[in-house]
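Take a look at the structure set out below.
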Amino acid sequence: MSVSNLSTQLKSGLDAPICLTWELTYACNLQCIHCLSSSGRRDPRELDTDQVKNVLDQLRDLQVFYINIGGGEPMIRKDFFEILEHAEQNNIGVKFSTNGTYITAENAQRLASMNYLDIQISLDGVDRATNDAVRGEGSFDTSIAAMNFLRDANFGPFKISVVMTRQNVDQLDAFKELADRYGAQLRITRLRPAGRGADTWNELHPTQAQQRQIYDWLIAHGDNVLTGDSFFHLNAFGESLPGLNLCGAGRVVCLIDPIGDVYACPFVIHDQFKAGSVHDEGGFAHVWRNSDLFLSLREPESEGACTSCGNYDSCQGGCMAAKFFTGLPLDGPDPECVIGAGESLLKSATVNLIPKPSMDHSRKISVTVGGNK
Amino acid sequence: MTVTLDSACELHPQVALRPEPFGALAYHYGNRKLVFLKHPDVVAVLRDVAAHNTLADTLVAHNVAPERWNSFVSALSSLETSEIIRVRQ
Amino acid sequence: MDTTAPIAVDTAQAQTASHDSVSSATTTPHIVEELLVEEISIDGMCGVY
C-alpha cells in the first residue's frame, strides 16, 4: 500500500470533519453589509442549550478536536459560557468569532481563565471610517475596546479577523502592526459573495490589481499571518501560498447553522448545499458520512471550462461559494480568477440567474454600502 | 534525527489518535498540533511503540520491511519535534 | 501552514520527503522514503472563517 498525496486523502473525505463551523444564533446587534449568514434576528427554531450540548457530545464521540463558533453574534446567547464550558469539559477546542460587544472587563477575565479557547475579534478597517462603513457605526470602537479588555485580562494571543475588501487592502501593513501591538495574531480572509455579501460583493471585492497585492503581501508575510487557506485561488499567480490549497467543503469542514442544519461550508448557506440536519436520524455523523451532497463533493471534481488552463493545479478552480453566488458554473472559473476568466464570463450573457440566499435573518432596515458613514 | 532505531518512544499523554481510512489523525491538546499519519503501519507502530524497548523492536514486531525503516525514523523524528511522541527517559 | 514536510504532488513526493539520511552517494534507485506524516494547521483549512 503506497502513501498517497495528502490532498488526495483529504478530498476523498474523512470519518468526521477536522474542524467545523457552528453558528449558534442568527441574532446579531450589528448588521454588517457583507454578513455571510444574513444575520440580525434570532430564529425561533434555534437549538436550545440541551440540544447544543447533545451535538457537542456527538462531536466529542467523533473526536472532532476543534470547532469554530460564530453566528450572528454568539455571545448574545444567554447560555454562551455554559456552551463554552461544556465544550471544554469534553476536550473540544473552541475558537469563536465575535464583534466584541459583549467582551466586558469581567467577561474577558472569565474567558482568560479557560484553557482551550481561541477568540477572534472582527475588524475590517484600521480606522473608524473604513471599518464602520462595513460593520456599522461604533463597531470600530467596540472591537478596539474588546481587544483592550482581552489584553488587560492577559488572555494571550487572540486573533484579529479581517475580511479583505477593496477599501482595506492598502491597510495590510497597518493591520499587521495593530496585531503586533496587541500581541495578537492577524487572520485575513477572502470576502465571499454569500449572505448579504452577495448584495455588496460588486462594490467590496478587491480589484484584479488588489488580488495581486494581497498575494504579494502574503508571499512576503504569510508565515506569520493566518488566512484559513482562503486565498488558494491566488496560487495561480506563481509560488503557492502556505496552506492545503484545497476547498474543504464537505471534505474536511462543514457548517452547522443555528437551527441545526448542516451545510457544506459557512459560505454556502443555501438549500443546494444543505446536507441534512443534526435532528435527522443518526445525528450529525450520519449526515457527514452519508449525505448525497457530501459524498458528491468528495468525488473527483470536473475541471469544466478550466480544463485547458495550465493554472488549474494551482488554483483548483477556486471557491465553490464564490462561483455559486455570482451565478458562475461550479465547474467554471472563480469570479476572481487571476487570469480574468471569471470576470469575462460574468460580463458575458452565459451567467446563470444569480441565486438568492434561502434564508435571510436581516433586520428590516435598509442596508447600503457606506450607508453607515 | 532526534529519534533513532535505538530510541525508546511513547505517545505524548496529551495526544489523541483518531482513526481514518488512510491511517489516523494525531492531535496534541496542548500545542494544538495536528498531524496526518498517512499509512496504517505508522499508526500501528505508534500505538505499540511504548511497549517495546526500541523503535527497531517495534518495527520488527509489526513486520515493517527494513528498506522502509529510514522512512519510519524520519516520521518519528518529526513527530518527536511536534511533541506527538516523546523519547522515554 | 505549519508543515513538517512540504505538501507535494504525488510524483514529487518521494523526492521532497527524502532527507539527508539518504545521501546521493548511497541512494539506490529502488529505495525512496515514504512521507508517512504531515503536519497541518487545525485553523488553516478553507471553509473556516
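The values are calculated or read from the model by the stated rules, or taken from the named source; none is laboratory data. As the structure is a computational prediction, the values presented were derived from the model and not from experiment. Every residue, glycine as well, gets a Cβ built from its backbone with ideal geometry; the counts of neighbours run over all protein chains shown. Accessible surface is based on the protein model in full, side chains and every heavy atom, while ligands, DNA and RNA are left aside. Shrake-Rupley method; radii C 1.70, N 1.55, O 1.52, S 1.80 Å.
Summarising the overall dimensions of chain B from its C-alpha atoms, the Rg and Dmax are 11.8, 34 angstrom.
Which value, in debye to the nearest 20, describes the size of the charge dipole of chain A about its Cα centre when Lys and Arg Cβ atoms bear +1, Asp and Glu Cβ atoms bear -1, and nothing else is charged? List each step's numbers first, then the result.
On the way: 32 positive and 46 negative charges, 105 e Å.
Computed charge dipole of chain A: roughly 500 debye.
Each peptide in A:9-22, A:306-319 was scored by the mean count of other Cβ atoms within 10 Å over its residues; highest first, the order is A:9-22, A:306-319. Annotation: amide H-H contacts under 5 Å for B:Ile85 (H modelled 1.01 Å from N, sequence separation of 5 or more, or interchain): B:His12, B:Glu80.
Across the alpha-carbon atoms of the stretch A:98-195, the computed radius of gyration and Dmax are 13.1, 38 angstrom. Estimated from helices alone, the mean residue ellipticity of chain A at 222 nm is -9000 deg cm²/dmol (sum of -39500 (n - 2.57) over DSSP H runs with n ≥ 4, per residue). Rounded to the nearest whole angstrom, the semi-axes of the ellipsoid equivalent to the stretch A:258-313, taken from the Cα gyration tensor as √(5λ), stand at 29, 13, 8, largest first. When DSSP beta bridges are restricted to pairs lying wholly in the protein assembly as shown, around 45% turn out antiparallel. The Cα center of the stretch A:264-340 and the Cα center of the stretch B:3-73 differ in position by 34 Å. Among the residues of A:250-257, the average count of other protein chain beta-carbon atoms within 10 Å of the residue beta-carbon is 2.
Computed from backbone phi, the HN-Hα couplings of the stretch A:213-222 come to 4, 5, 4, 4, 5, 5, 4, 6, 10, x Hz, rounded to whole numbers (Karplus: 6.51 cos²θ - 1.76 cosθ + 1.60, θ = phi - 60°; Gly and Pro given as x).
Ignoring aspartates and glutamates fewer than eight residues from A:Lys78 along the same chain, the ones with Cα atoms less than 17 angstrom from its Cα are A:Glu23, A:Asp43, A:Glu46, A:Asp48, A:Asp50, A:Glu106. The phi-based Karplus calculation (6.51 cos²θ - 1.76 cosθ + 1.60; θ = phi - 60°) puts the 3J(HN,Hα) values of the stretch A:337-348 at 3, 5, 9, x, 5, x, 4, 5, 5, 5, 7, 7 Hz, whole numbers, x for Gly and Pro.
At a 1.4 Å probe radius, which order do B:His52, A:His233 fall into by accessible area, largest first? The partial results should precede the final answer.
Values: B:His52 40, A:His233 5 Å².
Order by accessible area, largest first: B:His52, A:His233.
Each DSSP beta bridge with both residues in the stretch A:1-127 is either parallel or antiparallel, and the antiparallel ones are about 0%.
The mean number of partner chain beta-carbon atoms within 10 angstrom of a residue's beta-carbon across peptide B:32-45 is 6.
Which residues make up the longest stretch of chain A clear of GluC sites (Glu not before Pro) that lie in a DSSP loop with no more than 11 other Cβ atoms within 10 Å, not counting the sites? The partial results should precede the final answer.
On the way: sites that count: A:Glu239, A:Glu281.
That would be A:1-238.
Charging the Cβ of each Asp and Glu at -1 and of each Lys and Arg at +1, and nothing else, the dipole of the stretch A:1-125 about its Cα centre rounds to 240 debye. Can you give the alpha-carbon Rg of the stretch A:233-373 over 2.2 N^0.38 Å, where N counts its residues? Output field value: 1.17. For peptide A:263-269, the mean count of partner chain Cβ atoms within 10 Å of a residue's Cβ comes to 2. Amide H to amide H distances under 5 Å link A:Gly276 with A:Val262, where only residues 5 or more positions off or on other chains count and H is placed in the peptide plane. Taken as Cα centroids, the stretch A:93-134 and the stretch A:1-63 sit 19 Å apart, rounded to the nearest whole angstrom. Under 17 Å Cα-Cα from A:Lys159, which lysines qualify once same-chain neighbours fewer than 8 residues away are excluded? Those lysines meeting the cut-off are A:Lys95, A:Lys176. With the convex hull constructed from alpha-carbon coordinates only, the stretch A:5-149 shows a mean projected area of 10.2 nm² over all directions.
Think of the stretch A:285-331 as a dipole: +1 on every Lys or Arg Cβ, -1 on every Asp or Glu Cβ, centred on the Cα centre; then among A:Ser314, A:Ser291, A:Leu328, A:Ser291 lies furthest on the positive end.
The orientation-averaged projected area of the convex hull spanned by the Cα atoms of the protein assembly as shown comes to 24.3 nm². Here the Karplus curve 6.51 cos²θ - 1.76 cosθ + 1.60, taken at θ = phi - 60°, turns the phi angles of the stretch A:48-63 into couplings of 8, 4, 5, 5, 4, 5, 4, 5, 4, 5, 4, 5, 4, 5, 7, 6 Hz, with x standing for Gly and Pro.
How about A:Lys11: which lysines have a C-alpha closer than 22 Å to its C-alpha, ignoring those fewer than 8 places off in the same chain? Straight-distance partners of A:Lys11: A:Lys274, A:Lys323, B:Lys33, B:Lys38. In the stretch A:11-132, taking the dipole from charged Cβ atoms about the Cα centre, the farthest positive-side position among A:Phe65, A:Thr130, A:Val55 is held by A:Thr130.
Result for chain A in a Gaussian network model with C-alpha springs under 10 Å: among A:Arg187, A:Arg196, A:Arg110, the largest mean-square fluctuation is at A:Arg110.
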